[in-house]
Amino acid sequence: REYLLGQAEIKYLSSAVIPINRTHPFNPAEFLGQGWSIWKGPADGGGLSGEEEQDERSLAITELDFSQVQLITCFKDGETYIAGEERLKRLKAANHIRLDANIFLTLWQNQHLIPESWKKNNGNTTYIFFNGTTLRSPVGYRLVLCLFWYDGEWYWDYRWLGCGWRGLCKASARRSSH
């Protein structure tokens, strides 16, 4: 009753299960702009022909159980830096299901569903990468989407796989929900 009257908010626990709408595939050109697409073919190709680079297991997820999501860095002992392509290779080799762009979009459009625990890690900003969909920029770069909590609100960005990533990398630009 209080929620319906706007006098209370729903608290979602990290064990919450949320639906993922799979009726419409993620459209990079619609979300990011003209010329954006999902990468096709091998990483060393042009990204324009072949199969889309998406984690098929992630695309099959219709309900996301936050208690089953692990936020990992892929660092080996002593590493504080990793190249984006190497990180993606390690995720694939470890056989992790990598969250895709449609899960990103669901969370971006329903930010109240994102677990509180994803906001900060030991007081540091946590970046949630959606490596299950590799994007192709209009100029041919390979990128993945990410979400992060900054200055009291959620932002999204994309991260180039051709650069190095630190454990607490800063995204290049912040895009507010407003």
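The values are calculated or read from the model by the stated rules, or taken from the named source; none is laboratory data. Being a predicted model, the structure only gives us computed values, none of them experimental. As a convention, Cβ positions derive from the backbone with ideal geometry for all residues, glycine included, and neighbour counts pool all protein chains shown. Just so you know, the surface numbers come from the protein's heavy atoms only, side chains and all, with ligands and any DNA or RNA stripped out. Shrake-Rupley method; radii C 1.70, N 1.55, O 1.52, S 1.80 Å.
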### Query
What are the residue pairs meeting all of these: first residue in segment 66-89, first residue modelled with pLDDT of 80 or more, second residue of a type in the set (Gly, Ala, Ser) and open to solvent by 60 Å² or more (accessible area, probe 1.4 Å), Cβ atoms under 7 Å, and 6 or more apart or on different chains?
Phe66/Ser14; Phe66/Ser15; Ser67/Ser14; Ser67/Ser15
### Task
Considering only residues that are acidic (Asp, Glu) and under 17 Å from Phe130 (Cα atoms), look in segment 16-65 and name the one that is modelled with the lowest pLDDT.
Asp65
### Task
Go over the candidates Thr133, Thr106 one by one and state the one that is hydroxyl-bearing (Ser, Thr, Tyr), closer than 26 Å to Ile38 by Cα, open to solvent by 10 Å² or more (accessible area, probe 1.4 Å) and not in a loop (DSSP other than H, G, I, E, B).
Thr106
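Name the residues in segment 37-50 that are more than 27 Å from Val17 (Cβ to Cβ) and open to solvent by less than 30 Å² (accessible area, probe 1.4 Å), would you? Can you show your working first?
At the first step, the residues of segment 37-50 found to be more than 27 Å from Val17 (Cβ to Cβ) are 37, 39-50.
Of everything in segment 37-50, those that are more than 27 Å from Val17 (Cβ to Cβ) and open to solvent by less than 30 Å² (accessible area, probe 1.4 Å) turn out to be Trp39, Gly41, Gly47.
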### Message
Yes or no: segment 109-123 includes at least one residue that is at pLDDT below 85, touching a Phe, Trp or Tyr at 6+ places or on another chain (Cβ under 8 Å) and either within 27 Å of Leu48 (Cβ to Cβ) or of a type in the set (Phe, Trp, Tyr) (or both).
### Response
yes
### Residue in segment 133-140 that is out of contact with any helix residue (DSSP H, G or I) (no Cβ under 6 Å at 6 or more places or on another chain) and either modelled with pLDDT under 90 or of a type in the set (Phe, Trp, Tyr) (or both) present
no
### Summary
Of (1) under 26 Å from Asn21 (Cβ atoms); (2) surrounded by 13 or more Cβ atoms within 10 Å (Cβ to Cβ), Glu63 satisfies every one except (2)
### Summary
The number of residues in segment 103-120 that are touching a Gly at 6+ places or on another chain (Cβ under 9 Å) and over 22 Å from Thr23 (Cβ atoms) is 0
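Please work out if Glu53 is surrounded by fewer than 17 Cβ atoms within 10 Å (Cβ to Cβ) and on the phi < 0 side of the Ramachandran plot. Break it down into steps so the answer makes sense when it comes.
Details: surrounded by fewer than 17 Cβ atoms within 10 Å (Cβ to Cβ): no; on the phi < 0 side of the Ramachandran plot: yes.
Judged against the criteria, Glu53 is not a match.
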### Message
Looking at segment 66-99 only, could you name the residues that are open to solvent by less than 60 Å² (accessible area, probe 1.4 Å), part of a helix (DSSP H, G or I) and under 16 Å from Asn131 (Cβ atoms)?
### Response
Gly84, Glu85, Arg87, Leu88, Arg90, Leu91
